[in-house]
Amino acid sequence: MILELDCGNSFIKWRVIHAADATIVGGGIVDSDQALIDDVRALASLRLTGCRIVSVRSEDETSALCALIDKAFAVLARVAEPARAMAGVHNGYEDYQRLGMDRWLAVLGAFHLAKGACLVIDLGTAAKADFVSASGEHLGGYICPGMPLMRSQLRTHTRRIRYDDASAERALSSLSPGRSTVEAVERGCVLMLQGFARTQLEQARALWGDDFSVFLTGGDAPLVREAAPQARVVPDLVFVGLAMACPLD
Ligand SMILES: Nc1ncnc2c1ncn2[C@@H]1O[C@H](COP(=O)(O)OP(=O)(O)OP(=O)(O)O)[C@@H](O)[C@H]1O
Ligand SMILES: CC(C)(CO)[C@@H](O)C(=O)NCCC(=O)O
Ligand SMILES: [K+]
């Protein structure tokens, strides 16, 4: 069994797969290293033979997590490293090492699945879009605040925007103009996210006509589903790329 980790800025997504056929044994989302160890340990019949990690955290944080995993499960974690080119995709950044590894792996996964031009939209703490041409040229992309950042900026920098998580969730039952603070903010931020997605689609259409695939991933992907009806929602897109960048055995 292989432990796979996607360490984002706010959460760690994890799953355990069988090494032989990649079937999923278990998985989840946690907000701390210790919660990760506890949840993985709780899996019945756990027998880890390897671990691979993609991280956008600092090197120190990532090494600390690897050490914790070694201690808890006695497996050496393999950390995905930047590359100028891989699996038919050429990194489009001037300095390829600066491209976020979550973006790079999502791009590798998307190009592998699309076998052609593709647009990747990843909606997490940050909202990201990346473009890959049919010949595998990564053209670059965009980074914006995602839903959690937009929300917290409004809460932090205004005095009268205050509401709890439960009312935030209720507010998203519709997107019509808000009649309370929570509705106005939550719906407004969702429309920003949808506007982001629509603009990326326009951009892709300008580049490639109708000849491209769209991939939607990240925790907030469901919020823009209607803005990108043609998109394939692939929650584990980063893991698809991680397996390509860090083959084990
Ligand atoms: N089960 C869940 N646990 C945590 N967040 C979730 C869950 N389902 C949806 N979300 C939403 O997903 C968003 C976080 O997305 P994601 O987990 O992709 O972020 P991240 O990987 O930490 O961020 P980034 O990829 O930008 O570094 C939050 O806005 C949160 O509300
Ligand atoms: C943009 C984030 C924070 C999204 O997780 C990550 O991909 C990252 O840290 N990227 C480095 C900066 C860049 O991609 O240009
Ligand atoms: K991520």
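The values are calculated or read from the model by the stated rules, or taken from the named source; none is laboratory data. None of these values were measured; they are calculated from a predicted model. Here the Cβ positions follow ideal geometry from the backbone for every residue, glycine too, while neighbour counts run over all protein chains shown. SASA here: full protein model, heavy atoms, side chains in, ligands and nucleic acids out. Shrake-Rupley method; radii C 1.70, N 1.55, O 1.52, S 1.80 Å.
Looking only at segment 206-239, count how many residues are in contact with a helix residue (DSSP H, G or I) (Cβ under 8 Å, 6 or more places away or on another chain) and either open to solvent by less than 30 Å² (accessible area, probe 1.4 Å) or under 19 Å from Glu137 (Cα atoms) (or both).
The total comes to 14.
Checking the condition small (Gly, Ala, Ser) and crowded, with 19+ Cβ neighbours inside 10 Å, which residue from Ala67, Ala77, Ala20 passes?
Among Ala67, Ala77, Ala20, only Ala77 is small (Gly, Ala, Ser) and crowded, with 19+ Cβ neighbours inside 10 Å.
What pairs can you find where one residue is in segment 233-245 and assigned to a strand (DSSP E or B), the other is open to solvent by less than 10 Å² (accessible area, probe 1.4 Å), and their Cβ atoms are less than 6 Å apart, with a gap of 6+ or different chains?
So the pair list comes out as Val233/Leu216; Val233/Ala221.
Pick from segment 92-144 the residues that are assigned to a loop (DSSP other than H, G, I, E, B) and of a type in the set (A, V, I, L, M, F, W, C): which of them is farthest from the chain's Cα centre (by Cα)?
Ala134
I need every pair where a residue in segment 216-228 that is closer than 14 Å to Met147 by Cβ and away from ligand 2 (no atom under 14 Å from the Cβ) has its Cβ under 6 Å from the Cβ of a residue that is in a helix (DSSP H, G or I) and aliphatic (A, V, I, L, M), sequence separation at least 6 or different chains.
Leu223/Val190; Leu223/Leu193; Val224/Leu193; Val224/Ala197; Ala227/Ala197
Just name the residue that is farthest from ligand 2 (Cβ to nearest atom) out of those in segment 55-73 that are assigned to a loop (DSSP other than H, G, I, E, B) and in contact (Cβ under 8 Å) with a residue 24 or more places away in the chain.
Of everything passing the filter in segment 55-73, Arg57 is farthest from ligand 2 (Cβ to nearest atom).
Give me a count of the residues in segment 27-39 that are closer than 20 Å to Ala74 by Cα and out of contact with any Gly (no Cβ under 8 Å at 6 or more places or on another chain).
8
Does Glu202 qualify as being in contact (Cβ under 8 Å) with a residue 24 or more places away in the chain, open to solvent by 60 Å² or more (accessible area, probe 1.4 Å), more than 16 Å from ligand 2 (Cβ to nearest atom) and farther than 21 Å from Leu105 by Cβ?
Criteria not met by Glu202.
Quickly run through segment 142-173 and pick out the residues that are without any contact (Cβ under 8 Å) to a residue 40 or more places away in the chain and open to solvent by less than 40 Å² (accessible area, probe 1.4 Å).
Across segment 142-173, the qualifying residues are Ile161, Tyr163, Ser167, Ala168, Ala171.
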